[in-house]
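Attaching a single structure in structure tokens format; questions to follow.
The values are calculated or read from the model by the stated rules, or taken from the named source; none is laboratory data. If you're wondering where the values come from, they're calculated on a predicted model, not measured in any experiment. Ideal geometry is used to build each Cβ from the backbone, glycine not excepted, and the neighbour counts take in all protein chains shown.
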Amino acid sequence: MIGPRLRRLRQTLGLTQARMAQDLDISTSYLNLIERNQRPMSAKVLLRLSGVYDFDMAEFSGRSDAALVADLHDAMRDPAIGAGNVSRQDLEDIVGINPEVGQAVLRLYKSYRRATLAEGSSPDAQSLLDPATQATEAVRTFLQGRRNYFEDIDSAAEALSSELSKSGTGLSTALTLRLKDAHGLSVRVVPVSVMPEMLRYFDRHSKRINISELMPASGRVFQMAYQIGMLEHRDLIDGVIKTAGFETREAERLCRTSLANYFAAAVLMPYAKFLKEAESCKYDIELLSHRFGTGFEQTAHRLTTLQKPDARGVPFFFVRIDTAGNVSKRFSAGRFHFSDFGGACPLWNIHDAFQTPGVVRTQIIEMPDETTYFSIARTVTRTGGAYGRGAQKLAIGLGCDIAYAPRLVYAVGMDLDGHTPTPIGINCHLCERDNCRQRAHAPLNRKLTFDERARGMSIFRFEV
């Protein structure tokens, strides 16, 4: 029963019931019954609907709203809201009828939570009101809403990549010549003593792009592609930013940088070719890195952008943490959702990746809402490495819904059905799993209980 969703699609397309019924080769009265949930939509009609209006059936069925439902379910369980008896099915019905209402409710809840947390002394809580944090979250929300896919930017990057490939030189040389011939700019790799605190600097006065010697080859090429994106497609990027409706210039600038980085990655890894290679090697990140001359993190992040409606890749989620567990980058193209603050669950083996540098670790994990995912984790070393300048070590986590795992090389030979998943949470503040051995904080808005006669696996015991 997907009547409200069908009605919203029809209204979005600006069609009358009579016109849509004609397109689908059904009667207007039958379409009216479907929209009012008095008749189910048959597979035949759904397939015709998909073919006529060119959209993804998975999105139409509501899977794309699963993360919103999960977030609303967490909000309803907050005792301060007093709606713990609202079932997940109730929320699915609300989101199915009008997801904008669900998003509005979630925005209100987040505003309330920020105001409540700001009254405490927690650094995590206070950071939510920081302008930089708010700008970062605004950009993340925008990217998430677009599923981290921007067709016009991808197309422009793919066209440039195709043009540069005709030069007969390597990509690095082609980009260098493009900057020189089209913009009068030279590229120079400079010693770290010249730029001790920077990796790239665009010197407009000297018409030169300085790139630090600490930057690896893949990074140098990326930075040149980034600069071309800013020079040749600034209007395109700014047009996308205008659709976001950001309230601050900080958010606009951060988004501009993010989209220019998106452009650069798309130049190095053009969509059609990259998706084809990813499918052929079963998403082997290291092999893809060799084929495209990119780093592990660059390649993993690019995999999250393969959401073109008529040529989708696996909908991955991505997270990057440091050795202290701080999350510095996160994105989800599927149902997996992250918290607005705090680190990742300590039971997730992304933390264990630091014990085996450079080795890919796999894990099947289960969230509190019983959704199951297949994930991989591996460390990467950032630019640096000179004496006294230790390179930053980070861990990259990449995963997808367990249903997509058979498409990944990392799951070959694994018993995906018989394997017991590791139960994890979003983070300790928001996780309500009781008696967790790894719990570092009591969950927010839960009443603690104490029993002086007993000691559980965790020092925090609370009413569920």
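Answer with yes or no whether Tyr410 is assigned to a helix (DSSP H, G or I), touching a Phe, Trp or Tyr at 6+ places or on another chain (Cβ under 9 Å), at pLDDT 75 or above and over 13 Å from Leu347 (Cα atoms).
Numbers: assigned to a helix (DSSP H, G or I): yes; touching a Phe, Trp or Tyr at 6+ places or on another chain (Cβ under 9 Å): yes; at pLDDT 75 or above: yes; over 13 Å from Leu347 (Cα atoms): yes.
Yes: the conditions hold for Tyr410.
I would also like to ask the following. In the range 40-54, is there at least one residue being among the acidic types (Asp, Glu) and under 32 Å from the mean Cα position of the chain (by Cα)?
yes
Give the residue, chosen from Ala272, Ala251, Ala264, that is farther than 27 Å from Arg361 by Cβ and in contact with a Phe, Trp or Tyr (Cβ under 6 Å, 6 or more places away or on another chain).
Working: Ala272 fails: in contact with a Phe, Trp or Tyr (Cβ under 6 Å, 6 or more places away or on another chain); Ala251 fails: in contact with a Phe, Trp or Tyr (Cβ under 6 Å, 6 or more places away or on another chain).
Exactly one residue qualifies, and that residue is Ala264.
In the set Ala157, Ala135, Ala182, which member is modelled with pLDDT of 80 or more, in contact with an Asp or Glu (Cβ under 8 Å, 6 or more places away or on another chain) and surrounded by 12 or more Cβ atoms within 10 Å (Cβ to Cβ)?
Details: Ala157 fails: in contact with an Asp or Glu (Cβ under 8 Å, 6 or more places away or on another chain); Ala182 fails: surrounded by 12 or more Cβ atoms within 10 Å (Cβ to Cβ).
Checking each option against the conditions leaves just Ala135.
Gly245 versus (1) crowded, with 16+ Cβ neighbours inside 10 Å; (2) part of a loop (DSSP other than H, G, I, E, B); (3) assigned by TED's automatic domain parsing to the domain that holds Leu185: which is the lone unmet condition?
Result: Gly245 passes all but (1).
Restricting to the range 331-370, name every residue that is among the basic types (Lys, Arg) and modelled with pLDDT of 80 or more. Write out each step before concluding.
The initial filter retains those residues of the range 331-370 that are among the basic types (Lys, Arg), namely 335, 361.
Residue satisfying the conditions is Arg361 alone.
Among the residues of the range 220-230, is any in a helix (DSSP H, G or I) and either within 17 Å of the chain's Cα centre (by Cα) or farther than 26 Å from His183 by Cβ (or both)?
no
Residue-wise test of (1) assigned to a helix (DSSP H, G or I); (2) under 20 Å from Gln298 (Cβ atoms).
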| position | (1), (2) |
| --- | --- |
| Arg147 | no, yes |
| Ala159 | yes, no |
| Leu175 | yes, yes |
| Ile209 | no, yes |
| Asp235 | yes, no |
| Gly239 | yes, no |
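Taking only pairs six or more apart or across chains, which ones have beta-carbon atoms under 9 Å, a first residue in the range 164-180 that is at positive phi, and a second residue that is part of a helix (DSSP H, G or I) and modelled with pLDDT of 95 or more?
Filtered contacts from the range 164-180: Gly168/Ala174.
If you don't mind, another one. Looking at the range 369-405 only, could you name the residues that are on the phi < 0 side of the Ramachandran plot and more than 20 Å from the chain's Cα centre (by Cα)? Lay out the reasoning, then the answer.
Filtering the range 369-405 down to residues on the phi < 0 side of the Ramachandran plot leaves 369, 371-383, 386-387, 389-405.
The answer is Thr381, Arg382, Thr383, Ala386, Tyr387, Arg389, Gly390, Ala391, Gln392, Lys393.
Tell me whether the range 312-322 contains one or more residues that are more than 19 Å from Tyr373 (Cα to Cα) and in the same structural domain as Asn349 (by TED's automatic domain parsing).
From the range 312-322, those more than 19 Å from Tyr373 (Cα to Cα) are 322; that's our starting set.
Adding the requirement that they be in the same structural domain as Asn349 (by TED's automatic domain parsing) leaves 322.
Among the residues of the range 312-322, at least one is more than 19 Å from Tyr373 (Cα to Cα) and in the same structural domain as Asn349 (by TED's automatic domain parsing), which makes the answer yes.
Check off (1) surrounded by fewer than 19 Cβ atoms within 10 Å (Cβ to Cβ); (2) touching a residue at least 40 places away in the same chain (Cβ under 8 Å); (3) out of contact with any Asp or Glu (no Cβ under 7 Å at 6 or more places or on another chain) for Leu236 and give me the number that stays unchecked.
Unmet condition: (3).
Check whether at least one residue in the range 50-65 is out of contact with any His (no Cβ under 9 Å at 6 or more places or on another chain), modelled with pLDDT of 80 or more, outside any loop (DSSP other than H, G, I, E, B) and crowded, with 17+ Cβ neighbours inside 10 Å, and report yes or no.
no
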